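Below is one structure; the comments refer to it alone.
Read the figures in this text as sums done on the coordinates, not as results from a lab. All figures in this text were calculated on a predicted structure; none of them were measured in a lab. Every residue, glycine among them, receives a Cβ derived from its backbone with ideal geometry; neighbour counts consider all protein chains shown.
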Amino acid sequence: MSEPQSIVFVVDDDASVRRAIQRLIESVGLHVESFGSAKEFLQANRSDVPSCLVLDIRLPGKSGLELQRELAEANIRIPIIFITSHGDVAMTVRAMKAGAVEFLTKPFRDQDLLDAVQVALERDRARRQQSAEIATLRERLELLTPRERQVLPLVISGLLNKQIAAEIGATEATVKVHRSQLLRKMGARSLPDLVRMAQRLGIPHKAA
Amino acid sequence: MSLVMSSANAVMAGSYDYGEVAGSILIAVAASYAALDLAGRVTAASGRARLVWLSGGATAMGIGIWAMHFKGMLAFRLPVSVEYHWPTVLLSLVVAILASAFALYVVSRQKLDPVKALTGSVIMGSGIVGMHYIGMTAMRLPAITRYSPLLVTFSILLAILFSLIALLLAFDLREETKWTVPRRIGSATVMGVAVCAMHYTGMAAASFIPSSPANLSHAVRISDVGNNAIAIVTLIVLIAALVTSSVDRRASAEVGEQLRQAQEDLARVTRVVAMGELAAAIAHEVNQPLTAIVTNGNFCLRRLGGATSSPDELRAAITEIVGDGTRASAVISRIRGLLAKGVPKRTELDVNQFIQDVTILLRNEFTRKRVSLRTELACDLPSVTGDSVQLQQVLINLIMNAIEATCTSTNGRREILIRSAKNPDGVLVQVQDSGPGVEPSLANRIFEPFFTTKAEGIGMGLSISHSIIESHGGRIGIVPSSTGALFEFTLPADDASVS
């Protein structure tokens, strides 16, 4: 069986609510996996594809809010849509502050849930893409020689070859070679492109 | 010799200083009043406080009785100088205090039967007589004291009689009611006069025959200053005892009021919390199937709107809708069942008595909100059968709503009328207030769960009342009226009492 493109996880202790939500979400062509408790969800083998979680607040055992906190602590950054029978303002604020995508009160409008699911999947997709890009950049960074890695912060700080040469005790010609190697190895089209990449990797500027 | 003897045997002529006599009577009345008042405090207190009140009260009262007596002796003026042997005087004071302690103990007991009263008065009377004659022996004067047996016996009988009266009065007056103070003043006067009568009889029983100078060791002369000091100190002690008693009484009354208030608040909070929890539980239990129904319904609509709907998946969704609808209604009937669980406790009720019980329960509420209550209870009511706790809940609910409504009313009149009447269905109970009334458009909705017009209301009161009355086979409703809101409910009469 081929892996689905994306998965919507549903956690609600009420079987008929769970089935109804699954049916609704599946009707727009999405793959759904549903669970009756936080524990079942945590124990399941989850495919590593863009996904989101439709989570009831009131659950037997671990509550929805507790599951949200636990996932955050484990650095599992799956977007969450909360559904609840009786959400108060304080609860909503807490959930939203902790990064929930949406907070829906049961019974909710079907379109509201489907919209929230789309937003959540989109958000997860973007996050995944972003972290994939960063992973690529990290790999490229690994390819640099120690000397090139030393030159990189100086280049992105906007120093001239002459200044860099003075800084590292090399000839201007050598620096020029380093600079072109940096751009090539990192796959940057221009100096501003390289600066953006360095920013995403968290490499600080180095003023002369 | 015989002449000399006879002249030596001549009784000394004594006279009374009437100012002093009056002073002694005043002290006797004050001491009696203090005794009556303190008896109430000793009765009201318990544990350590009781012991403190008993010993403090006995000291104040003993000093009072003793001072009256001593003052009475000083009021008797003899032609010779009289001194007092102070250790004996002190002993007489101790006897007075012990007699007082015993008296306070007897009257503060729960019951006072005739035998106890009689024994008590014999002991107390003996104490007082003892104090009196011990006090007399403290006199040091150049004379021999002779006692007339008849008068001594008479004084003892008076003392016992006085003690009996005192114990009965004190026991009767220890409960503090509205008329306690005037009654205590009256009783104290009677007691005070009785004490004096006993004392002056005792004094009259003694005659003094001149003889050789007395042994004056440990004897003191009581100056006029000392004499007045005894009176003043005694009055101060008695007043201090009375003030303490009054402060204590007020404090304990206040504590009682606070306690009552706290209990009432707690009851209200508990009721609201229980209602709140019930409401939240109902909300959740009903909301789950509703969520599934709405979601499945939406799914069906989507499918029917699109081109690709298969009858099988629609059938599956609709089957679930039906199942969840049934589940929601099962939740509702379970709650009904919960309310009806009290049914086995059904007893025969006198509706008028029942109304009176509830209004007594809410008396404080009426007073506090300054709402006046009028009742028009029919006397020919048939008896009904019901769960008094549940029906109380209904009536309390209607009355509390009525009280709240009258308080929002802008015209000055705050009145609630409760009526009972016989009607074809059985018994009719009406609660009418002078408030602004219920808008006709809302009249149909006020019995719905969670419908409320109050800022802090949860809207369960009338809805629960409705269920309760229905489970009793009666009806509840709102009736159009010219003033305020008029709620009524009926309860079917017992078969046996329908003629």
First measure r as the distance between the Cβ atoms of B:Ser55 and B:Leu150, then evaluate 1/(1 + (r/R0)^6) with R0 = 51 Å and state the FRET efficiency to the nearest 0.05. 0.85
Report, to the nearest 10°, how far helix B:86-107 tilts away from the longest principal axis of the Cα atoms in chain B, using its own Cα long axis and a range of 0 to 90°. 30
Pop the C-beta distance of B:Asp312 and A:Val49 into the FRET formula with R0 = 22 Å and round what comes out to the nearest 0.05. 0.15
Please check which bits of segment A:51-83 a label hung off A:Gln118 would reach, taking the label as a point 7 Å along Cα-to-C-beta and the cut-off as backbone N under 20 Å. A:51-55, A:79-83
Kindly provide the helix-only [θ] at 222 nm of the protein assembly as shown, computed as the sum of -39,500 (n - 2.57) over DSSP H runs of four or more divided by all residues, to the nearest 500 deg cm²/dmol? -21500 deg cm²/dmol
Expressed as an acute angle from 0 to 90° and rounded to the nearest 10, what is the orientation of the C-alpha long axis of helix B:149-173 relative to the principal long axis of chain B? 10
Amide H proximity to B:Val427 below 5 Å, modelled H, separation 5+ or other chain, gives B:Leu491, B:Ala493
For a quick size check, give me the Cα extents of segment B:356-398 along its three principal axes, largest first, whole Å. 33, 23, 14
Volume of the Cα convex hull of segment A:78-146, divided per residue and given in Å³: 71
Fewest-first sequence of B:Asp495, B:Asp387 by Cβ atoms within 10 Å of each Cβ: B:Asp495, B:Asp387
Taking R0 as 30 Å, what's the FRET efficiency between B:Thr137 and B:Thr244 from their Cβ-Cβ distance, rounded to 0.05? 0.30
10 Å-binned pair-distance histogram of the protein assembly as shown (Cα, whole percent): 2, 10, 12, 9, 10, 10, 9, 8, 8, 7, 6, 4, 3, 1, 0, 0, 0
Compute the Rg/Rh shape ratio of segment A:8-90: radius of gyration over Kirkwood radius, all on alpha-carbon atoms. 0.94
Whole-percent pair-distance distribution, where bins are 10 Å wide, for the alpha carbons of chain B: 3, 14, 16, 12, 11, 11, 10, 8, 6, 4, 2, 1, 1, 0, 0, 0
To make sure I understand, if each residue's beta carbon is the centre and we count other beta carbons within 10 Å, what order do B:Ser441, A:Ser34, A:Ser51 fall in, fewest to most? B:Ser441, A:Ser34, A:Ser51
Segment A:66-76 - phi-based ³J(HN,Hα) in whole Hz, Karplus 6.51/-1.76/1.60, Gly and Pro as x: 5, 4, 4, 5, 5, 5, 5, 5, 7, 6, 9
What do you get for Rg/Rh over segment B:92-211 if you use C-alpha atoms and the Kirkwood form of Rh? 1.05
Pairwise centroid distance, computed over Cα atoms, of segment B:348-403 with segment B:28-97, Å: 53
I need the phi-derived Karplus couplings for segment B:366-371: 6.51 cos²θ - 1.76 cosθ + 1.60, θ = phi - 60°, integer Hz, Gly and Pro marked x. 4, 5, 5, 8, 6, 10
By the C-alpha gyration tensor axes a ≥ b ≥ c (rounded if a/c is under 1.5, else prolate when a/b exceeds b/c, else oblate), the shape of segment B:1-159 is prolate
Antiparallel bridges, percent of DSSP beta bridges restricted to chain B (to nearest 5): 85
For segment A:87-208 (alpha-carbon point model, no solvent) the Debye-based log₁₀ I(q)/I(0) at q = 0.09, 0.18, 0.23 Å⁻¹ works out to -0.45, -0.91, -1.28
Would you mind ranking B:Ile134, B:Ile185 so that the residue whose beta carbon has the fewest other beta carbons within 10 Å leads the list? B:Ile185, B:Ile134
The set of residues whose placed amide H lies less than 5 Å from the amide H of A:Ser157, leaving out same-chain residues fewer than 5 positions away, is A:Lys206
Sorted by chain and then number, the residues having a modelled amide H within less than 5 Å of the amide H of B:Arg140, at least 5 places away or on another chain, are B:Glu83, B:Tyr84, B:His85
